[in-house]
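Below is one structure, written out as structure tokens; comments come after it.
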Amino acid sequence: MGTTRILYDNIITDAGYLSVSSQRSGLVSSALKSGTGSATMTTSGSFSGAQDLEYVVEIDSVSGGAEVGSATFRWSGDGGNTWDADGVTTSTAATLLGDGVYIAFTSGTGDDFVLGDKWYLRGINYFNPAKILDGSRDTRYRSSSLDNPNWVKISLGAAVSADCIAIYDHNFSSAAVITIQGNAADSWGAPTFSETITWNSCKILHYFASTQSFQYWRLVISDETNAAAYIQISELCLGEYLALSRAPAWGRGRDNAFVGRSLSTEFGSTKRLFRNWATTLNYSFDFLTVTDVNNLFSMLDTISSQNTGKISPIFFNEVSDTPNEFWLVTFDSLGEKYEFDGRYSLDLSLSEVMKSA
């Protein structure tokens, strides 16, 4: 019989490590102005960035004139922390900032611009690759098409070890061919490491035959007959698992709580509106070692922060012999009891991370 395994320390720590074969385009917001010049700005385009961005446009010179076509601006794609370009001439024609975002100016009455006039706008993509790292099942990465093949590439700054991969809330068809690859260079003709991943509906947990360490990783999906005409993933985790020395003593207890609300008339008639089941998983472990206990509390320190007030979800596989019996969960409680001879019993309560639809 296998043991309990937990995947919590994702080596994909930043969305900047990610690139994809294709992604669905996003939206460009309208602009909010701060300033006294009379000109207005319009936005257009389809945002193609890999992460949502806040753009700042600021008039940086009116020395050549305060009108559209004479004044210049600078712009930033990171909220004004750094400037991507300056001295760009204002124009009534659409001017590309970056990632498919365009702006244009329209003259007003009096001076069009005053030095320091600013506009704020956002590039928003509800399906960008960053969504697979946010711990929310209500957000997801989605490709723009069925590529040949689709892939998600992870480019790290150095070689990092991993021995498993979790893919959650995917839409891969049962005909999909799924592969995890690793290589020392960003070249994929014949990668050093390549393993085929067995398909499972909605969620997949794959353990490597042995631990691998690479700077570049790639998840490859060949699914050209997918009826949705795109690839979708809600959560992706690549890393090393924490293995306990035992599986749960008495299997799993599962509590399903009704989520919804009740509507009552003045006569006492009630109608219950169902929305979801809130699932809590309860486990009891016997004869765990002090190493098991220390590893679990070390994990809790890693995934939680009092400074931010956040606790990250984990992937919990109750018995490694059945890898696809796993859940994306958050910790509720961990009860520890010393038994005898360096052995402990633990009661563990976890709440499944829910999704709206």
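Bear in mind that the values in this text are calculations on the coordinates, not laboratory data. Quick caveat: nothing in here was measured; it's all calculated off a predicted structure. Cβ atoms come from the backbone with ideal geometry, glycine included; neighbour counts cover every protein chain shown.
Please give the net charge around THR106, taking every other residue with its beta carbon less than 15 angstrom from that of THR106, where Lys and Arg add +1 and Asp and Glu add -1.
Working: positive: LYS33; negative: GLU67, ASP111, ASP112, ASP117.
Net local charge, THR106 excluded: -3.
Give, in whole angstrom and from largest to smallest, the semi-axes √(5λ) of the equivalent ellipsoid of region 1-121, with λ running over the eigenvalues of the Cα gyration tensor. Can you show the working numbers first?
Values: eigenvalues 314, 39, 26 Å².
Those come to 40, 14, 11 Å.
Please get the size of the charge dipole for region 27-124, origin at its Cα centre, with Cβ charges of +1 on Lys and Arg and -1 on Asp and Glu, quoted in debye to the nearest 20. Don't skip to the end; give the middle numbers.
Values: 4 positive and 12 negative charges, 37 e Å.
With Lys and Arg at +1 and Asp and Glu at -1, about 180 debye.
Taking only the C-alpha atoms, wrap a convex hull around the chain and report its volume per residue in Å³ as a whole number.
Values: hull volume 78.2 nm³, N = 357.
Enclosed volume per residue, from the Cα hull, is 219 Å³.
Put +1 on the Cβ of each Lys and Arg and -1 on the Cβ of each Asp and Glu in the chain; which of VAL353, ILE178, GLY87 then has its Cα farthest toward the positive end of the dipole?
Of the listed residues, the answer is VAL353.
Could you sort the peptides 237-249, 162-174, 338-350 by per-residue average Cβ neighbour count (10 Å cutoff), highest mean leading? Walk me through the intermediate numbers first.
Working: 237-249: 18.5, 162-174: 20.5, 338-350: 14.6.
Descending mean neighbour count gives 162-174, 237-249, 338-350.
For region 238-357, count all C-alpha to C-alpha pairs, find those more than 20 Å apart, and express that count as a whole percent of the total. Could you put the intermediate results ahead of the total?
Details: 3783 of 7140 pairs.
Within region 238-357, distances greater than 20 Å cover 53 percent of Cα pairs.
For the chain, how many pairs of lysine residues have a Cα-Cα distance under 23 Å, where the two are 8 or more positions apart or belong to different chains? The partial results should precede the final answer.
Values: LYS33/LYS118; LYS131/LYS153; LYS131/LYS203; LYS131/LYS310; LYS131/LYS355; LYS153/LYS203; LYS203/LYS355; LYS310/LYS355.
Within the chain, the lysine pair count is 8.
Using only Cα atoms, tell me the angle between helix 290-303 and the longest principal axis of the chain; keep it within 0 to 90° and round to the nearest 10.
Approximately 20 degrees, to the nearest ten.
Nearest 20 debye, what's the magnitude of the dipole of the chain about its Cα centre given +1 on Lys and Arg Cβ and -1 on Asp and Glu Cβ?
In debye, rounded to 20, the chain gives about 940.
For the chain, modelled as a GNM with alpha-carbon contacts under 10 angstrom, which of VAL20, VAL152, VAL68 fluctuates the most?
Fluctuation is largest for VAL68.
Show log10 I(q)/I(0) for region 165-269 at q = 0.11, 0.13, 0.22 Å⁻¹, two decimals, from a solvent-free Debye sum over equal Cα scatterers.
Those come out to -0.54, -0.67, -1.24, one per q.
How large is log10 of I(q)/I(0) for region 112-222 at q = 0.17 Å⁻¹ when the intensity is taken from the Debye formula with one equal scatterer per alpha-carbon?
Calculated log10 I(q)/I(0) at the listed q: -0.90.
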